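See below for the structure under consideration.
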Amino acid sequence: MHHDIFFRPDPHWVGDVIPWTDGNEIRLYYLLERRQEPRPGTPWHLAVTRDLVHYEDCGEALPSGGAEAEDLNAYTGSVVQDDSGLYHLFYTANNPSRLSADGRSVQLVAHATSTDMRTWTKRPEDTFGAPTGYDPADWRDPHVYRVPGEDHWSLVLAARHLEGPERRRGVVARLVSSDLRQWRPVEPLWDPHRFVTQECPEVFRIGQWWYLVYSEFTDRFVTRYRISRSPQGPWQAPERDTLDGRGFYAAKSVDWHGRRLFFGWIASRRGAKDDGPWLWAGTMACLEAVQAPDGTLDMRIPEEVLRSYSEPLSEADAPVSVQAPTSYACRVLTPDTGEDVRISADLEWTPGTREISLLLRTDASGETGYVLRLEPAQRRMVLDRWPRREPGPEQWHLAGDVPHFIELERPVPLDGGRVHLDVISSKELLQCCVDRAVVLSTSAYARTTGRVGIAALDGTVTLTSLRTYTRP
């Protein structure tokens, strides 16, 4: 089965993604989430893309070990190739029936090998758990890499100290090996004393900078990164240290033709409702990271995805201004766009304008739908919706105390008074990008189609260009 732009093995879901490439195709191993009760074991499945637009579902790649095995659940890991050409797959082995001293299920690092990446042979004799001083129930997501010039491999993973403040024990543990089978613990790669743990850690280099990427759920659910001139650190946080917002999690990356591509999952919500709780797993999506001169990463929607929307739908008769010096005003500018559309817009505003909004999936009045709102005073963009919930019997029952979708905001510099916006709106999925540098991704269920417009609060907003496209 083939999928376009976004990948989900319907009726199931994509969990953490483990990308690998030979420079031609990108092999995207992922955890298959079936949301069945009783819960079956978790296997690795595989999707393949050669162009970031079309994805081929290749089915199961690494099976669950079964109800009695230590790897009933085969969780996140990594894939490498050694100097002889043999492929090594490292993953997290877990069985909820195998408990640690505190009653939580043990996590182990497991190993499999392959000569062709199609058939994997598990190596249970290589399985190992947390060494002394680490929590045996938090020993997951092994990422294996080799620093150029070193004669050994490194393995980092999400771990926790056995003692210390409960929510600050998270550590990126590190081990080394010369043969990818026997591993020796060394000093942690990063010990921030900040998080419960740092999931899906990854280490890579671009030019003269090294990057440590991880996902955390202590402060917020988000994928973050740090940078260093050395693969051993120290790891400094950039001003904008997140790849995306709450809606895009567990992102891991691959170097493809000199480009750094991140694959993660856009989170789904319970009941397919905008106010439903976030759920683990969702739909696979890709973002491209572009290195700035100071080593920080700009995130954008890949150009291949944008170009795939090549059939014009509408073009606004620009420029169009909305003037509201002491009030709010909006203007709807397109007919209904349909459920699969790319929106390209350029906006300018006068100094002091409080809010600059692009209305998405809106109705003819601009009142019902979604709002991508820029707030210069707060240096952020947010995603809002109206109505924010089903109105209640009283006039004030409309969630006016909820400023926008909770957790769906991104820091963005807005001092220049103008931005370029790229938006992909595909069924329930939304990806919004400002100046090809800051992305916000999410699922938005209440309206999957509608019109596009602009709005201003306490100022003037001018649309200098608006084009919509669909895919042929």
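On a 1.4 Å probe surface of the protein chains, which of 252, 427, 122 comes out largest in accessible area, and what is the full order?
427, 122, 252
So, in nm, how far is label residue 25 from label residue 367 when the simple model puts each one 7 Å beyond its Cα toward the Cβ?
Going by the 7 Å Cα→Cβ label model, 5.3 nm.
Can you give the accessible area of residue 184, probe radius 1.4 Å, in Å² rounded to 10?
The accessible area comes out at roughly 140 Å².
With all pairs of different alpha carbon atoms counted, what Kirkwood hydrodynamic radius in Å does region 290-368 show? Show your work: numbers first, answer last.
Details: mean 1/r = 0.0636 Å⁻¹.
After inverting the mean inverse Cα-Cα distance, the result is 15.7 Å.
Please work out the Cα convex hull volume for region 1-126 and give it in Å³ per residue. Display every interim value, and only then the final one.
Details: hull volume 14.4 nm³, N = 126.
Spread over its residues, the Cα hull of region 1-126 gives 114 Å³ apiece.
Note the full-extension length gain between residue 81 and residue 208 as 0.36 nm times their separation in residues minus their Cα-Cα distance, in nm to one decimal.
43.4 nm
For residue 85, what charge total do you get from the other residues with a beta carbon under 12 Å from its beta carbon, if Lys and Arg give +1 and Asp and Glu give -1?
Details: positive: none; negative: 22, 82, 83, 116.
Neighbour charge sum, excluding residue 85 itself: -4.
Quick one: length gained pulling residue 54 to residue 132 fully straight, 0.36 nm per residue minus the C-alpha distance? Provide the component values of the computation, followed by the final result.
On the way: separation 78, 0.36 × 78 = 28.08 nm, distance 4.58 nm.
Going from the current span to full extension adds 23.5 nm.
Can you bin region 67-199 into rounded, prolate or oblate? Criterion: square roots of the alpha carbon gyration tensor eigenvalues sorted a ≥ b ≥ c, rounded for a/c under 1.5, prolate for a/b above b/c, oblate for the rest.
Working: a/c = 2.33, a/b = 1.28, b/c = 1.82.
Oblate is the answer for region 67-199, as a/c is 1.5 or above yet b/c matches or exceeds a/b.
Just the Cα atoms of the chain: what Rg and Dmax do they give in Å?
Here Rg and the maximum Cα pair distance are 23.2, 71 Å.
Any chance you could run the full-extension gain for residue 179 through residue 147? It's 0.36 nm times the residue separation minus the Cα-Cα distance, nm to one decimal. Let's see the in-between values first.
Details: separation 32, 0.36 × 32 = 11.52 nm, distance 1.48 nm.
Roughly 10.0 nm would be gained on extension.
Checking the a/c ratio against 1.5 first, then a/b against b/c, what shape does the Cα gyration tensor give for region 272-320? Could you put the intermediate results ahead of the total?
Working: a/c = 1.91, a/b = 1.10, b/c = 1.74.
Oblate.
Helix-only mean residue ellipticity at 222 nm, the chain, DSSP H runs n ≥ 4 weighted -39,500 (n - 2.57), per residue, nearest 500. What is it? Walk me through the intermediate numbers first.
Working: 1 runs with 6 residues, N = 472.
Per the formula, -500 deg cm²/dmol.
Give me the Å³ per residue figure for the convex hull around the C-alpha atoms of region 1-70. Mind showing how you got there, number by number?
Details: hull volume 6.1 nm³, N = 70.
In region 1-70, the Cα convex hull volume per residue is 87 Å³.
Residue 354 to residue 304: FRET efficiency via 1/(1 + (r/R0)^6), r the Cβ-Cβ distance, R0 41 Å, to the nearest 0.05?
Numbers: r = 36 Å, r/R0 = 0.89.
The pair residue 354/residue 304 has a calculated efficiency of 0.65.
The values are calculated or read from the model by the stated rules, or taken from the named source; none is laboratory data. What you see is a predicted model; the values in this text were computed from it and never measured. Every residue, glycine as well, gets a Cβ built from its backbone with ideal geometry; the counts of neighbours run over all protein chains shown. Heads up: the accessible areas ignore ligands, DNA and RNA and are worked out on the full protein's heavy atoms, side chains in. Shrake-Rupley method; radii C 1.70, N 1.55, O 1.52, S 1.80 Å.
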